[in-house]
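Single-structure report; data block below.
No lab work stands behind these numbers, since they all come straight from the coordinates. The model shown is predicted, which means the values in this text are computed figures rather than measured ones. Cβ atoms come from the backbone with ideal geometry, glycine included; neighbour counts cover every protein chain shown.
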2 protein chains.
Amino acid sequence: MGMTPGTLQSTTTSTSTITAYSALIQRAREAQLLGSTGHILSWDQETMMPPGGIDHRSQQMGLLARLHHQMLTDPAIAEAIAECESDRGFCEGDSIESANVRELRKDFDRATKLPPRLVSELAEVSGKGQHEWAGARSANDFARFRPWLERLVHLNREKAACLGVPQGGEPWDALAETFEPGCTAATVVKVFTPLRERLRVLIGELMSSSHKPSNRFNETKLPVDAQAQFVRMVVESIGFDFERGRLDTSTHPFCGGSHCDDVRMTTRYTESCLNDALGSSMHEAGHGMYEQGLLRSAIGTPVGEAVSLGIHESQSRLWENQVGRSNTFWKWCGPQLQRHFGACAAGFTHDEFYGAANVVEPGFIRVDADEATYNMHVMVRFELERLLMSGALDPKDLPGEWNRRYKEYLGVNVPDDRRGCLQDVHWSMGAFGYFPTYTLGTLYSAQFFDSATRAIGGLEAGFALGEFAPLRAWLNSQIHAHGRRYSPSALCLRVTGSELSSEPYLKYLEGKLRPLYSL
Amino acid sequence: MGMTPGTLQSTTTSTSTITAYSALIQRAREAQLLGSTGHILSWDQETMMPPGGIDHRSQQMGLLARLHHQMLTDPAIAEAIAECESDRGFCEGDSIESANVRELRKDFDRATKLPPRLVSELAEVSGKGQHEWAGARSANDFARFRPWLERLVHLNREKAACLGVPQGGEPWDALAETFEPGCTAATVVKVFTPLRERLRVLIGELMSSSHKPSNRFNETKLPVDAQAQFVRMVVESIGFDFERGRLDTSTHPFCGGSHCDDVRMTTRYTESCLNDALGSSMHEAGHGMYEQGLLRSAIGTPVGEAVSLGIHESQSRLWENQVGRSNTFWKWCGPQLQRHFGACAAGFTHDEFYGAANVVEPGFIRVDADEATYNMHVMVRFELERLLMSGALDPKDLPGEWNRRYKEYLGVNVPDDRRGCLQDVHWSMGAFGYFPTYTLGTLYSAQFFDSATRAIGGLEAGFALGEFAPLRAWLNSQIHAHGRRYSPSALCLRVTGSELSSEPYLKYLEGKLRPLYSL
């Protein structure tokens, strides 16, 4: 595992390298510490802040972003990095130290390309944009959000230009690199095009089957307070540590926080469907356990950070789907549920519980989508944000283009913008280049779960007994604890022995859904 | 009112002064903006943070304190201040601009006396100290808190030495100046000594009276959820704006937040006594309305900040006592309460409600104390922190000295440290020199209320009808909107026509309590 940062001792490394590395790590930790204060403020904005606080909060976020950027681009960091890099022996191999130097070099080069004014403006406008988006969404009023979208598109195109578009690439690529190192629009298209075809066929078959799983449990009203207690029990059972984290309520579920010992997840409850809250909570708990599982001694350095959003999403999707929608999970969860809710949840069979978690039905809302149609939603967004970034799509034409694609990909008529292009928070936060990580994560999740199943005897059988610790421990040692030590693709190869592929996912999906639909 | 900062225009002021003043205000606002992020993190620590987050949070607070101090002590600030000061005409009188320059000079001189290391260490140790105190308190274990107390006493004595003890003064004075400009131990003693004597006589008379007000309502169990709804209604009725603030639950009620549009209050509920939550919520709402009432255009500059903790406390005590424990308030509140709680609160007479809010009974706990005994609790703390700061009292001897004084001043035997010297959060937060502001605020509150009664016709009669807006508006224009424009003593003179005196308070207290006890 190499040495942990901060306690570096070596007989072969020169004193000046050791000094430079220590100075570098100290600065990296300090920048991360300041950045982490902004994470708490973001969480607070979504969960606690009174509405009147938005202007001041945006100013706080702008200032923190500027100070953070100042720390990241301090010339002393460049000097320390160069000093470490000049020691060839130190930077060879994949020790924790060499990985930290490699990743800090990337971060520094990237940060110095951005003017401080842009960094601060993006943070301010994102904060306010998100707030305005929430208002526009609940008022179903795209016109109200449009000027903010235009400003955010403009700022992000400027950002892409500053970062530099890779040879043969496009502006979208420059932005996606932040979220998923190594990801370009071209590589995404290569994965998405055949995947879309296979999913289209599968969805068609499922929809035309005369046998469908029962949806009855999804139409059962359960009191929200009791749902919250139940969801907390499940999330704790699968391994989220509430001594080092929280679960609150917000319009859009998310997982934030500022440290492995202070992880903040949110979910949301609807009286009529426990599976909404249960699914989103297990999803966020997957993110949360990744954060809680980072190497504590490396916190504040790249090796103590999640490697990419795609890998992050693999953890959330794995707990939400491979676990939370599995046959054996419901053998445990069904009886727990009946004990907890008493009469309200009596009279359901195992097949009804398991079926309700796996009903496929094309709809308008991404976060409510089943596993088969989910990726179609992501593809729509990827295509649109790519066009927005290249300038080929004017923000004013977004609703029309959105609705046209929903008809084409999912066969549905979007009834209004609230359930259309205003549904997601991402663009309002200034996050362009983010969406494909949802599908990449979904593909990773199936591939990782295959490896876990091979590595852990009786893995799925254990779920029926409420045994989740072996899976969590495996994910921790294989994925969480490495942080950014390996690139996403190197990590995938290391954990699964193969490059990322859609095959495990399609095999998993078809293998589960076809029997449920008697195909 | 003069000009608002940031929009300075003048025909007599030189261009260089205008430039310097604008630069000064911009830097002051930025420092305040960064400081305000720490206020949200402090609130979060007390209300939301999972226990595991404490170490990282302390580091965040240490870093923010250091960066904030760096901004406050930037030599460019000194230059801008000196430039403004050199323009005699600009700095004469009490315009908003001259007040800002005067106060920023004080802040700068004070900040530069403190080494950055001490600032950061105090912030870190205070955060952790507070956390350890909470643990020690609930475990009733003074020995666990003692090392933290020793460290905090040591750091604060160092701080006092850096700040410089005024001629003929003592270390406590240097610390008290932060909380109450112009306050010294000697001036406090001068106020406290005669006050103690008068209170001792009054308490003696009340305790030996054969007629006491009914305590029955304080022994009535009311569901906590319903209490929370009720308290929120009252707080909103007296004028706290929930669009620009929150009310949450914490062990120790407090009022924090980061801006006049984002004020965070807390309270606590006990099933057996609504008056606990009601009193503490009205108290915190008094603080909250002060913060919400600051001059918006001056936020981020001294004129947009509360002038002192004593004046702050005058606002909280006024709403808690002069309003919340008044006869006419209960003519409104009693029927509201009976409507809200239904059968649970039926069968109480007005006299029983009003009486229960005014029962006098010497006890151990400051925050539960009635108006007559409250100041005795404060005096105990003042004497002890003065001795701790001078070095005459060893922290290890604190429990003994605490208990001895409680016996002497309040005639009670403190049963344990949890209900003794571990009850308050202040010293664990590193706040020495703070306590007397509670009594000063209490005295100010009575004096201000007298002026309000003279200025507003039918003020108290209005309470019976739920009319609180005239009082709030008066406090806003007389006190809130001035921020630090006038010193506490100048403000008192301006608002009431007199220097601070105990007389209005004693007159108010005796005038209310003696009839309630049939004296």
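In terms of Cα to Cα distance under 27 Å, which lysines are near enough to B:LYS128, apart from those fewer than 8 places away along the same chain?
Correct list for B:LYS128: B:LYS113, B:LYS159, B:LYS396.
Hey, what do the phi angles of region B:492-497 turn into as Karplus ³J(HN,Hα) couplings, whole Hz, using 6.51/-1.76/1.60 and θ = phi - 60°, x for Gly and Pro?
4, 5, 5, 7, 10, x
Which whole-number percentage describes the relative contact order of chain A, with Cα contacts under 8 Å and a sequence gap of 6 or more?
19 percent
I need the shape label for region A:254-334. Rule: rounded when a/c is under 1.5, else prolate if a/b > b/c, else oblate, with a, b, c from the alpha carbon gyration tensor.
Judged from the Cα gyration tensor, region A:254-334 comes out prolate (a/c at least 1.5, a/b above b/c).
Based on the Cβ-Cβ distance from A:SER297 to B:ASN140, what FRET efficiency comes out when R0 is 45 Å, to the nearest 0.05?
It comes out at approximately 0.80.
Modelled label-to-label distance, B:ARG454 and A:GLN338, 7 Å Cα→beta-carbon offset: nm?
7.7 nm
Based on C-alpha coordinates, I'd like the Rg and Dmax of region B:145-275, in Å.
Considering region B:145-275 through its Cα atoms, Rg and Dmax are 21.4, 55 Å.
State, to one decimal in nm, how far the label point of A:THR251 lies from the label point of A:ASP74, with both points 7 Å from Cα in the Cβ direction.
3.8 nm
Rounded, prolate or oblate: pick one for region A:15-168, where a ≥ b ≥ c are the square roots of the eigenvalues of its C-alpha gyration tensor, a/c under 1.5 means rounded, and failing that, prolate if a/b is larger than b/c, else oblate.
Because a/c hits 1.5 or more and a/b exceeds b/c, region A:15-168 counts as prolate.
Taking θ as phi - 60°, what are the ³J(HN,Hα) couplings along region B:133-143 by the Karplus curve (6.51, -1.76, 1.60), each to the nearest whole Hz, with x for Gly and Pro?
4, 4, x, 4, 5, 6, 8, 6, 10, 4, 4
Two-decimal Rg/Rh of region A:185-516 from alpha-carbon positions, Kirkwood Rh?
Values: Rg = 19.3 Å, Rh = 20.5 Å.
Radius of gyration over Kirkwood radius for region A:185-516 works out to 0.94.
If R₀ is 51 angstrom, what is the calculated FRET efficiency for the pair A:SER14 and A:LEU465, using the beta carbon separation as r and rounding to 0.05?
0.40
Once you've got the Cα coordinates, tell me which of A:LYS221/A:LYS507; B:LYS221/B:LYS407; B:LYS212/B:LYS331; B:LYS331/B:LYS512 are over 22 Å apart.
On the way: A:LYS221/A:LYS507 34 Å; B:LYS221/B:LYS407 31 Å; B:LYS212/B:LYS331 20 Å; B:LYS331/B:LYS512 16 Å.
Those over the limit are A:LYS221/A:LYS507; B:LYS221/B:LYS407.
At a threshold of 8 angstrom on Cα-Cα distance, excluding pairs fewer than six apart, so keeping six or more, what relative contact order does region A:172-288 reach in percent?
On the way: 122 pairs, mean separation 24.8, N = 117.
Across region A:172-288, relative contact order equals 21 percent.
With a ≥ b ≥ c taken as the square roots of the eigenvalues of the C-alpha gyration tensor of region A:77-157, please select rounded if a/c is under 1.5 and otherwise prolate if a/b is larger than b/c or oblate if it is not? Kindly include the intermediate steps, with their values, before the conclusion.
Working: a/c = 4.98, a/b = 3.15, b/c = 1.58.
Verdict is prolate for region A:77-157.
Between region B:347-391 and region B:301-320, what's the alpha-carbon centroid distance in Å?
Taking the Cα centre of each part, region B:347-391 and region B:301-320 sit 20 Å apart.
Is it possible to state the helix-based mean residue ellipticity at 222 nm for the protein assembly as shown, with each DSSP H run of 4+ residues giving -39500 (n - 2.57), the sum divided by total residues, to the nearest 500 deg cm²/dmol? What is it?
-20000 deg cm²/dmol
Explain nothing, just compute: Karplus ³J(HN,Hα) = 6.51 cos²θ - 1.76 cosθ + 1.60, θ = phi - 60°, for every residue of region A:219-233 in order, whole Hz, x for Gly and Pro.
Listing the rounded values in order: 10, 9, 6, 9, x, 4, 4, 5, 4, 4, 4, 5, 4, 4, 4 Hz.
What is region B:15-169's relative contact order, in percent, from Cα pairs under 8 angstrom and six or more apart in sequence? Spell out each step's value before the answer.
Details: 118 pairs, mean separation 40.1, N = 155.
Averaging sequence separation for qualifying contacts and normalising by length gives 26 percent for region B:15-169.
Using 7 Å Cα-to-Cβ label points, what is the A:MET233/A:LEU493 separation (nm, one decimal)?
Roughly 4.6 nm, to one decimal.
Can you list the copy-to-copy distances for B:HIS340, using a point 7 angstrom from Cα toward Cβ, in nanometres, shortest first?
3.3
Residues with amide H under 5 Å of B:ASP248's amide H, sequence separation 5 or more or different chain, H placed in the peptide plane at 1.01 Å from N; which?
HN-HN under 5 Å from B:ASP248: B:MET265, B:THR266, B:THR267.
For B:SER518, place a label point 7 Å from Cα along the Cα-to-Cβ direction in every copy; what are the distances to the other copies, in nm, shortest first?
8.6
Gain in length, B:GLU408 to B:ALA23, computed as 0.36 nm per residue apart minus the alpha-carbon separation, to one decimal in nm?
133.1 nm
Note the per residue figure in Å³ for the convex hull of the C-alpha positions in the protein assembly as shown. Spell out each step's value before the answer.
Values: hull volume 204.3 nm³, N = 1038.
Measuring per residue, one finds 197 Å³ for the Cα hull of the protein assembly as shown.
Calculate the length of the line joining the C-alpha centroid of region B:22-62 to that of region B:187-263, in whole Å.
If you average the Cα positions of each part, the centres end up 27 Å apart.
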